[in-house]
1. Based on the Cβ-Cβ distance of GLN140 and ALA52, what FRET efficiency does E = 1/(1 + (r/R0)^6) give at R0 = 35 Å, to the nearest 0.05?
2. Would you please give the residues with an amide H less than 5 Å from that of GLY85, counting only those at least 5 places away or on a separate chain, with H modeled from the backbone geometry?
3. What is segment 31-78 by shape, rounded, prolate or oblate, if you read a ≥ b ≥ c off the alpha carbon gyration tensor as root eigenvalues and call it rounded for a/c under 1.5, prolate for a/b larger than b/c, and oblate otherwise?
4. Which of the trypsin sites (Lys or Arg not before Pro) across segment 56-130 are loop residues per DSSP, with 13 or fewer other Cβ within 10 Å?
5. How high is the FRET efficiency from ASP90 to SER28, r the C-beta distance, R0 25 Å, rounded to 0.05?
6. Report the accessible area of LYS50, computed with a 1.4 Å probe over the heavy atoms of all protein chains in place, in Å² rounded to the nearest 10.
7. Could you derive backbone 3J(HN,Hα) for segment 45-56 from the dihedral phi with the Karplus parameters 6.51, -1.76 and 1.60 (θ = phi - 60°), listing whole Hz in sequence and x where the residue is Gly or Pro?
8. For LYS50, list the aspartates and glutamates whose Cα falls under 14 Å from its own Cα; do not include residues on the same chain fewer than 8 positions away.
Amino acid sequence: MVCPRPATAVRRKTSVRVSLDHVHIFASDLDATLRFFMKMFGATLVWDEKAAGVRAVRLALGDAFVHVYEQAPRSERGGPMHHLGIATDDLDGLIAGMKNNGYLFRNEIREQPKFRYVMIAGPDDLLIELFECREPACWQLKN
């Protein structure tokens, strides 16, 4: 398969900027969820205060953010969200670091022609895909 040309943005009549900023998840144990993202992926705390009546936290993770509500998930396995995808340029190194931090993997890396990945369970059974793209330019990933 040939890598498609990068998509061109739809131009609006106004100068309003639009971009994806974060994924928002629920946490039955907020502190455990924060420790998981910080310890396993090096996330950093950006913001921590009450919002909409509950503690809400913003974590920086690479070029994006994860918002976490201190509120138990409303349904099993993510509700309408399937999984959180975390890109890396060294999947083996990330996995080794996570193992050193005590994470027990239940699955092996799955090899695909254009990428490799492993699915893991995070806090509250959050499904997380760790992946390494073999052709980052095709996915418009930053190196």
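The values are calculated or read from the model by the stated rules, or taken from the named source; none is laboratory data. None of these values were measured; they are calculated from a predicted model. With ideal geometry, Cβ positions are generated from the backbone for all residues, glycine too; neighbour counts draw on all protein chains shown. Side chains included, ligands, DNA and RNA excluded: accessible areas come from the protein's heavy atoms. Shrake-Rupley method; radii C 1.70, N 1.55, O 1.52, S 1.80 Å.
1. Details: r = 33 Å, r/R0 = 0.94.
Efficiency computed from Cβ-Cβ geometry: 0.60.
2. So GLY85 has HN proximity to GLU129.
3. It is oblate, given that a/c is not under 1.5 and a/b is not larger than b/c.
4. Answer in residue order: ARG74, ARG77, ARG106, LYS114.
5. 0.20
6. Only protein atoms counted, so the area is about 150 Å².
7. Using θ = phi - 60°, the values come out as 6, 10, 7, 8, 6, 6, 8, 6, x, 9, 5, 10 Hz.
8. Leaving aside aspartates and glutamates fewer than 8 places away in the same chain, those within reach of LYS50 are GLU70.
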